[in-house]
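Written out below as structure tokens is the structure these notes cover.
The values are calculated or read from the model by the stated rules, or taken from the named source; none is laboratory data. The shown structure was predicted, so the numbers you read here are calculated from the model rather than taken from an experiment. Cβ atoms come from the backbone with ideal geometry, glycine included; neighbour counts cover every protein chain shown. Keep in mind that these areas ignore ligands, DNA and RNA; they rest on the heavy atoms of the full protein, side chains included. Shrake-Rupley method; radii C 1.70, N 1.55, O 1.52, S 1.80 Å.
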Amino acid sequence: MNTLMGQPHNGRFGEFGGRFVPESLFRACEEVESFFEKFWADDDFVEEYRQILSEYAGRPTPLTHAKRLSSQLGVEVFLKREDLTHTGSHKINNVIGQALLTVKMGKSRIIAETGAGQHGVATATAAALFGLECKVYMGEVDVKRQALNVFRMQLLGAEVIPVSSGSKTLKDAVNEAMRAWVSELDTTHYCIGSVMGPHPYPYMVREFQRVIGEEASDQFRSQHGGSPDFVLACVGGGSNAAGTFAGFVDSTAKLIGVEPEGGAAIGKGAPGVVHGMRSNLLQDEFGQVEEAKSISAGLDYPGVGPEHSYLASIGRASYRAVSDDEVLEAVVMLSRLEGIVPALEPAHAVAYLAREAGKEIPKGSKVVLTMSGRGDKDAEVVASMIGARLGER
Amino acid sequence: MISLESSLELKRLQGSKLLVPYITGGLDDEWTDVLRAVVDAGADAVEIGVPFSDPMIDGPTVQEASQRSLDRGTTPLSVFSELRGIDLGVPTAVMTYYNVVHHAGPKRFAGWMVDAGVSGVILPDLCFEESDPWRSVADALRLETVQLVAPSTAEDRAKKLCDASKGFVYAVGVMGTTGERANVQESALEIAKRLKSLSEKTILVGIGVSNPEQASAVSEFADGVVVGSALVRRLLEGQGPKGAYGFVSELRSALDG
């Protein structure tokens, strides 16, 4: 049996997960697994990791009671402020862990895939911090719509490699990073950015992200007592949600992951195998992977981490979808009511809450919502969609 | 259905080096003519790619061929249905990614193979530890699941994979994606030597075998070669059945020489 948010047996979360990799990568996955297990059980490593998170990345992040939003919606909303970390999103938690592991493994290079560019920026940041060479694979479409993040990565000394195969987005960047990794195994660690990929990645990345949920759970208990009624997080690959849920899975809180309508792998997908894992996947009648379509580059992924498929299958978490329009309204709402400009990704969770407050989320409920990143990177996209309309208000 | 394993083994025991060209199924209107051409030119078996949207272990050439084929509307069913009417006289194996099998379901996919007279299957992303659901179905129908062994594969694992492999053992010549290389890599010779000492089975080296000289060099140690990207590139360039015949004939002469 798989423990709930504990260590998965053989990399399996129920019937999901596993290690579906070409034979060339098998040994590399085993190596990452054995190093991770060794160091994650080593108090000195964990202490070093925690210390970097605190002294460099700005942890712990606050849990903010969003009072004006709460009074407007009729529910009590508490925001877990990952937007306040160094680099502006929760991605830093994972990359600090994996970069530290890279050093312990004796490797000098790190590669990563990125969609919105947040994981790429975080990886480039960690690479600079640890003196590692860094290459980031990014779909051509994303390179265009996230030009600011491309520049940030380059400024940090990373090489950004545009990927022109397939749909030219995140899923193709993953393929290309895997391809590059095969030929560079001796020197290079592949730093996957979400709770996806072959074992041990879904497990390892969730462990590096569980700090979100553990902090939020402690903060909620000490500030308000007990457990929240609901815990909300957006889900693309699902790393901030997995990290958040890890702190609440043993509580009475209802866990809800919010997917984009155009990339709802759990809501609309079927079990499939891609990128080294078995999980829910958007695919056609012959198993060809379909493109996700979302306003948010960070959620533009046709698959989802296997642990989410598992949590959905056993009913411990539920997954809901919101539209791009609802997300844009949520960006404006949170900006104006709380002075927090959210990234498009967590705006999905806000949009769901705004739509369902008083319905699926009953009046008076206490809700913890993970604000996984700040919205600076999306300013251009948001401006192009609703900028003119805002000017008229 | 001709057994891949016994057919290749028979030729090997007769002293012949083996040649298995790879072709992307449904690439264009002529792809089944290309199949016949490569057999006429001396192929001992043919590997046929069923295109997948996310070919993780393929380099640019096979990626482009897969995409071109998918854009023409190729599906697993269309590839199998075109194969059904053809008697090549040599065994065939399909190469695809596991999701194509997983989505159809092992039983259904195996049924398609049987109907089309395909003997073997190569699923490069189906790690051996994950392969029971497929192999239990395939074994019962005598479909041959080829295992890949890589330069990075540890010794005891390599032995296990060779023992489990049906049809032949696919020795991955290079740590990298499929694609042409300027020179024969040391790793290709190494793995051929290593696997020959580990196993009695037919050992074919693929990935990074791009021309007659390389085929001949690798076959010093291996039982033969799989040649994919170098042939597919010629097809993408529009060389058609004639070009394929010419190239495979050159490979054949080099192996026989």
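What is the local net charge at A:Asn280, summed over the other residues whose Cβ is closer than 13 Å to its Cβ (Lys, Arg +1; Asp, Glu -1)? All intermediate terms of the calculation are to be shown ahead of the outcome.
Values: positive: A:Lys268, A:Arg278; negative: A:Glu15, A:Glu259, A:Glu290, A:Glu307.
Local charge sum for A:Asn280: -2.
Normalising by the residue count of region B:4-256, find the relative contact order in percent from Cα pairs under 8 Å and 6+ residues apart. Kindly include the intermediate steps, with their values, before the conclusion.
Details: 507 pairs, mean separation 61.4, N = 253.
Computed value for region B:4-256: 24 percent relative contact order.
For a label point 7 angstrom out from the Cα of B:Lys160 toward its Cβ, which stretches of region B:198-233 have the backbone nitrogen within less than 18 Å? Under 18 Å, as judged by backbone N against the label point of B:Lys160, lie B:198-199 of region B:198-233.
Go ahead and estimate [θ] at 222 nm for chain B from helices alone: -39,500 (n - 2.57) per DSSP H run with n ≥ 4, summed, over the residue count, rounded to 500. Before the final figure, lay out the partial values.
On the way: 12 runs with 123 residues, N = 257.
Value at 222 nm, helices only: -14000 deg cm²/dmol.
The mean number of Cβ atoms from other chains found within 10 Å of a Cβ in peptide B:57-64 is 3, as a whole number. List the residues of region A:175-196 that lose 30 Å² or more of accessible area once all protein chains are present, compared with their chain alone (1.4 Å probe, heavy atoms only, no ligands or nucleic acids). Those are A:Asn175, A:Arg179, A:Val182, which lose 30 Å² or more relative to the chain on its own. Rolled with a 1.4 Å probe across the full set of protein chains, the surface gives B:Arg252 an accessible area near 30 Å².
Name all residues of region B:1-36 having a backbone nitrogen under 14 Å from the label point set 7 Å from the Cα of B:Asp256 along its Cα→Cβ direction, giving them as ranges. Taking a point 7 Å out along Cα→Cβ of B:Asp256, the residues of region B:1-36 whose backbone N falls under 14 Å are B:15-19. The mean number of partner chain beta-carbon atoms within 10 angstrom of a residue's beta-carbon across peptide B:149-162 is 3. Between B:Asp33 and A:His9, the simple spin-label model (points 7 angstrom out along Cα→Cβ) gives 5.7 nm.
For chain B, the longest piece that avoids every one of the GluC sites (Glu not before Pro) found in DSSP loops with at most 13 other C-beta atoms within 10 Å covers B:1-199.
Amide H to amide H, with H built 1.01 Å from N, B:Gly49 comes under 5 Å of B:Ile23, B:Thr24, B:Gly25, B:Met95, counting only residues 5 or more places away or on other chains. With the full set of protein chains in place, find how many percent of the accessible area of chain B is carbon and sulfur; take the probe as 1.4 Å. Answer for chain B is 49 percent, counting heavy atoms of protein chains only.
Measure nothing fancy, just the Cα-based angle from helix A:23-40's long axis to the longest principal axis of chain A, in degrees from 0 to 90, nearest 10. Compared with the principal axis, the helix lies near 60 degrees. Spin-label model, B:Glu200/B:Ile86: points 7 Å from Cα along the beta carbon direction are separated by 3.4 nm. With chain B treated as a Gaussian network of Cα nodes joined by springs under 10 Å, which of B:Leu161, B:Leu126, B:Leu13 yields the largest mean-square fluctuation? Among B:Leu161, B:Leu126, B:Leu13, the largest GNM mean-square fluctuation belongs to B:Leu13. Helical content alone sets the calculated 222 nm signal of chain A at -14000 deg cm²/dmol, taking -39,500 (n - 2.57) per DSSP H segment of four or more residues and averaging over every residue. Against chain A, whose longest principal axis is taken from its Cα atoms, helix A:344-356 shows a tilt of about 40°. On the beta carbon distance between B:Asp115 and A:Glu133, with R0 = 60 Å, the FRET formula returns roughly 0.75. For region A:294-318, the residues whose amide N sits under 18 Å from a probe point set 7 Å from the Cα of A:Ala147 along the beta carbon direction are A:297.
Close lysine pairs were tallied over region B:4-256: pairs 8 or more places apart or on different chains with Cα atoms under 16 Å apart number 12. Per-residue mean of foreign Cβ neighbours for A:80-88 is 0 (Cβ atoms of other chains, 10 Å radius).
Does region A:233-330 classify as rounded, prolate or oblate by the C-alpha gyration tensor (a ≥ b ≥ c root eigenvalues; a/c under 1.5 gives rounded; else a/b over b/c gives prolate, otherwise oblate)?
Numbers: a/c = 2.01, a/b = 1.18, b/c = 1.70.
Oblate.
Let me check I've understood the local charge: for A:Ile110, count other residues with C-beta under 9 angstrom from its C-beta, Lys and Arg +1, Asp and Glu -1. What total comes out?
Working: positive: A:Lys107, A:Arg109, A:Lys135; negative: A:Glu133.
Net local charge, A:Ile110 excluded: +2.
Rounded to the nearest 100, the interface formed by chains A and B buries 2900 square angstrom of accessible surface, both chains summed, with a 1.4 Å probe.
Send over a whole-number figure in Å² for the accessible area per residue of the protein assembly as shown, probe 1.4 Å. The partial results should precede the final answer.
Working: 22330 Å² over 650 residues.
That works out to 34 Å² per residue.
Using a probe of 1.4 angstrom, how much of the accessible area of region A:179-309 is carbon and sulfur, in percent?
Values: 1380 of 3140 Å².
The computed percentage sits at 44.
With the biggest extent put first, the Cα atoms of region A:179-245 measure 52, 20, 14 Å across the principal axes.
With the convex hull of its Cα atoms as the shape, the protein assembly as shown has an orientation-averaged projected area of 28.0 nm². Note on A:Asp44 and A:Ile386: the model spin-label points, each 7 Å out from Cα along the C-beta direction, lie 5.2 nm apart. For a straight C-alpha distance cut-off of 25 angstrom, the lysines reachable from A:Lys168 (same-chain residues fewer than eight places away being disregarded) are A:Lys91, A:Lys135, A:Lys144, A:Lys268, A:Lys293, A:Lys377. Under a 5 Å amide H cut-off, with hydrogens placed 1.01 Å from N, A:Val322 pairs with A:Glu259, A:Glu261 among residues at least 5 apart or on other chains.
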